[in-house]
Amino acid sequence: MTQDRIAEPWGTRTPYGPGERWPVRVDMHLAEGVTPDQVDRWVQTASILHSNGDALDIAVQDDRIVGVRGREQDRINHGRLGVKDLYGWQANGSPDRLTHPLVRKRGKLVRATWDEAMDRIVQRTQELLEEQGPSSISFYTSGQLFAEEYYTLGLIAHGGIGTSHVDGNTRLCTATAAAALKETFACDGQPGSYTDVDHADVIALFGNNMAETQSVLWTRILDRLAGPNPPQVICVDPRQTPVARAAAVHLAPRPGTNVALMNALLHEVIANDWVDHDYVEAHTVGFAELEKRVKNYPPEAVADICGISAEDIRRAAGVLGHAERLLSTVLQGFYQSHQATAAAVQVNNLNLIRGMLGKPGCGILQMNGQPTAENTRECGADGDLPAFRNWSNDAHIEDLARVWNVDPMQIPHYSPPTHAMQMMRYVEEGSIRMMWVTATNPAVSMPELRRMRSILSQKRLFLVVQDLFLTETAQLADVVLPAATWGEKTGTFTNADRTVHLSEKAVDPPGEARADLDILIDFAHRLGLKDQDGEPLVKWHDPESAFEGWKECSRGRPCDYTGLTYDKLRGGSGIQWPCTEDSPEGTERLYADGSFWSDPQYCESYGRDLVTGAPLEPDEYTAMNPSAKAVIKAAEYLRPHEEPSADFPLQLTTGRTLYHFHTRTKTGRAPELQEAAPEVWVEVSATDAAALDVAEGDLAEITTPRGAVQARVRISGIREGVLFLPFHYGYWDTKKGHQPDGAGRAANELTLTDWDPASKQPIFKTAAAHLRKVSVGDGVASAAPTTTGSAPVSAGAVPPTRGGPTAQVAESIGGTRQGGAR
């Protein structure tokens with residue numbers, strides 16, 4: 001059977017009941033005119049366009065990628081693929097790929113050789129090390145590289161150059177996931193497993209529009225909902241998303257009030273004694289403080305704060321309180337909002353006081369937004385130290401120095417690692433003079449873009465950009481390096497439930513483009529980085545030898561990879577870490593025995609103050625949690641820093657759409673995805689639209705104290721008083737090309753420079769805003785998709801989103817024999 005998967009993003013239902021195995025459905029999409037028997041070979045990989053980790057095979061014909069199919073034997077997707085994977089592979093063959101290095105001469109980027117480009121980088125690095133030292137150099141990476149590349153970058157930056165200025169764009173999307181796990185469990189690592197969907201009787205999604213960000217996992221939930229004894233869904237989101245439409249209870253709070261809402265839910269659970277006191281007593285500390293704090297948050301008081309009914313709060317709390325198997329998931333609606341870490345921690349508290357952890361159907365998934373965000377954190381490329389070592393623990397620094405064979409003092413640990421927003425401030429002030437940006441586009445993704453453009457354009461900043469395309473950021477660079485991408489190189493990466501996949505090279509990259517790992521190794525050798533014995537600091541030469549180096553670094557740590565090999569990951573399913581001699585098939589759930597990685601001598605973090613962000617001292621943490629339990633940490637609700645006013649009476653929230661990933665560098669070059677969501681739009685409630693005299697398709701201007709954006713109006717199911725803009729759209733337009741003056745498309749022109757004190761994640765969801773009509777739509781609807789959270793309230797007046805003949809996807813329910821993947 002075939003389906004237009006732009007029109008039907010989640011595909012055909014395969015219902016199943018609690019405790020049953022999720023049925024197989026293999027999705028396949030090939031280039032027009034290509035049939036399966038014409039494929040020369042199928043090459044094993046996994047998704048690089050979201051964090052779900054869906055396993056797939058790449059179809060290769062005449063040394064070109066011509067399509068994909070899901071891997072039915074994989075534990076994550078059982079053969080299914082999401083829309084970004086089904087069509088996004090076409091970006092690899094885009095004619096505007098970078099194929100050779102560029103260097104800036106007389107103000108313009110011109111073609112250069114690899115030797116010329118790398119010599120410039122090395123020369124500037126050496127000059128800055130001599131003039132100002134390691135603190136003048138920074139690295140800003142992505143959530144889309146491979147573990148081997150992140151680990152090599154972390155070794156070069158921390159162990160070779162000695163800078164603490166290392167972070168990833170994961171800071172913008174899921175830094176709070178790591179922070180919340182550290183606060184509760186004193187260590188990163190997702191406690192739950194995607195298989196908990198198969199067992200749960202309640203699934204609560206807090207600020208997690210899973211239908212659009214992890215569409216195959218949402219497909220798994222849809223199949224449970226279509227089967228016998230379906231779970232109840234709780235949704236917390238100010239928009240009427242597909243998740244909200246499927247929910248038993250939908251709570252749509254005002255942006256910035258998540259902590260108040262969570263405290264009200266906890267108030268009801270505790271007041272009604274839906275607490276597993278035996279579990280709390282045996283495995284946690286801090287319950288008494290939580291019980292005292294949430295007494296101040298009865299539903300009636302919180303209803304006024306959040307703008308929702310007390311009855312709905314009680315209904316949701318009742319579902320949560322009576323759950324026998326509760327799975328809780330969290331994403332950007334909490335992470336990018338006010339009091340991000342405090343709110344996410346309260347979700348952890350909910351599962352802890354209900355004793356819902358470590359058992360089938362009972363779990364917490366502090367989700368990631370990017371495909372390899374987990375690796376950024378594990379491997380030390382986001383500011384953390386590799387393998388969840390604690391920068392405040394001298395014994396951990398000495399152990400890492402042993403692994404790297406460097407002096408412990410070479411590894412910066414005199415203060416917390418520098419987060420991305422602080423790095424930008426240091427560039428602005430002039431103390432950071434070199435920034436190496438890899439596989440990300442901060443000129444679109446960072447907040448307050450007018451300021452970011454000014455920072456990245458400074459003449460005193462030496463900017464290196466390593467990417468696939470000449471992005472908005474690459475256009476500002478002094479050196480641009482053409483990189484290979486997924487399907488053009490080999491490596492491993494880990495999804496949001498700790499499943500490690502191997503991605504094999506299927507085709508050569510275009511032109512002179514090189515794998516990120518090769519570029520980093522070349523840089524380390526040219527710079528002459530050595531260990532204590534005078535040997536090369538980076539001792540590996542290819543992905544597999546780099547993986548062996550990473551395994552040794554992870555030995556004995558929570559994210560232990562020592563039981564994994566490339567051969568073990570070939571041919572079958574991905575495997576969850578920790579994978580060791582004692583658990584050779586991986587570990588499905590963490591903390592199943594009630595033991596945590598929170599011992600003061602072993603833990604990754606001693607925690608932070610949720611209001612100030614100040615790190616706890618080792619002795620403070622030891623006194624609070626001497627027996628290595630989970631930490632229940634209460635939080636007081638604080639008002640957002642920027643609230644509506646007479647001039648800016650609305651609240652702006654930003655986010656994603658199903659059909660695009662980040663700044664559209666790949667999905668904007670896949671025709672079916674681009675046509676499904678071709679341009680920016682603004683969502684307005686029907687009530688606000690009437691008050692503002694705007695209709696579907698009208699061109700509106702949205703302003704905040706920082707700038708203005710113009711977008712066509714979509715009247716959607718968003719709550720009153722709130723506007724929504726997708727953040728994907730920068731200066732790039734697939735029809736008009738790059739538009740340096742196209743500032744009016746990017747949502748982040750409007751967002752503010754503010755971040756959560758604990759996770760340091762920017763706040764993209766609580767800006768005060770104003771909307772005015774610029775011109776009438778003349779009956780032309782917004783181009784926003786009709787299948788997603790941007791669905792119009794008056795569906796009949798808006799043409800439905802369709803994909804056309806090239807969007808047809810073959811679905812094989814029950815699976816098919818898959819051979820030939822190498």
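Below are the figures for this structure:
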read-out	value
Selected residue (criterion: farthest from H50 (Cα to Cα)) from residues of region 194-244 that are buried (at least 24 other Cβ atoms within 10 Å of the Cβ) and among the small types (G, A, S)	A200
All helices (runs of 4 or more DSSP H) inside region 443-561 with 1 or more residues being on the phi > 0 side of the Ramachandran plot and buried (at least 22 other Cβ atoms within 10 Å of the Cβ)	none
Test set (1) touching a residue at least 40 places away in the same chain (Cβ under 8 Å); (2) more than 20 Å from E183 (Cβ to Cβ) - Y279 fails condition number	(2)
Region 400-442, subset in a loop (DSSP other than H, G, I, E, B) and of a type in the set (A, V, I, L, M), residue farthest from the chain's Cα centre (by Cα)	V406
Test: T703 is in the same structural domain as F727 (by TED's automatic domain parsing) and not in a loop (DSSP other than H, G, I, E, B)	yes
Members of region 749-802 that are of a type in the set (A, V, I, L, M), in contact (Cβ under 8 Å) with a residue 60 or more places away in the chain and within 30 Å of R5 (Cα to Cα)	V780, A781, A783, A784, A791, V793, A797, V798
Filtered residues of region 1-22 (kept if in contact with a Gly (Cβ under 9 Å, 6 or more places away or on another chain) and over 25 Å from N209 (Cβ atoms))	G17, G19, E20
Hits in region 101-113 - residues which are over 17 Å from V437 (Cα atoms) and part of a loop (DSSP other than H, G, I, E, B)	R106, G107, A112, T113
Complete set of residues in region 673-697 that are charged (D, E, K, R) and either surrounded by 24 or more Cβ atoms within 10 Å (Cβ to Cβ) or not assigned by TED's automatic domain parsing to the domain that holds G655 (or both)	E683
Some residue of region 583-591 being in contact (Cβ under 8 Å) with a residue 60 or more places away in the chain, in contact with a Leu (Cβ under 7 Å, 6 or more places away or on another chain) and not assigned by TED's automatic domain parsing to the domain that holds A758	yes
Of all residues making up region 352-384, the number that are surrounded by 24 or more Cβ atoms within 10 Å (Cβ to Cβ), over 17 Å from the mean Cα position of the chain (by Cα) and either not assigned by TED's automatic domain parsing to the domain that holds P238 or not in a loop (DSSP other than H, G, I, E, B) (or both)	3
Options A310, A340, A301; residue that is in the same structural domain as G207 (by TED's automatic domain parsing) and buried (at least 24 other Cβ atoms within 10 Å of the Cβ)	A340
Single residue of region 750-771 satisfying the filter (closer than 30 Å to A686 by Cβ and aliphatic (A, V, I, L, M)) that is surrounded by the most Cβ atoms within 10 Å (Cβ to Cβ)	A767
Among the residues listed as A630, A614, A634, the single one being at pLDDT 95 or above and more than 30 Å from K551 (Cβ to Cβ)	A634
Residue selected from region 253-302 under the condition in a helix (DSSP H, G or I), of a type in the set (D, E, K, R) and closer than 22 Å to V611 by Cα, by the criterion farthest from the chain's Cα centre (by Cα)	K292
When residues of region 772-797 are limited to those that are in contact with a Lys or Arg (Cβ under 7 Å, 6 or more places away or on another chain) and within 18 Å of P238 (Cβ to Cβ), the one surrounded by the fewest Cβ atoms within 10 Å (Cβ to Cβ)	P792
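The values are calculated or read from the model by the stated rules, or taken from the named source; none is laboratory data. This structure is a prediction, so every number in the text was calculated from the model and none was measured. Ideal geometry is used to build each Cβ from the backbone, glycine not excepted, and the neighbour counts take in all protein chains shown.
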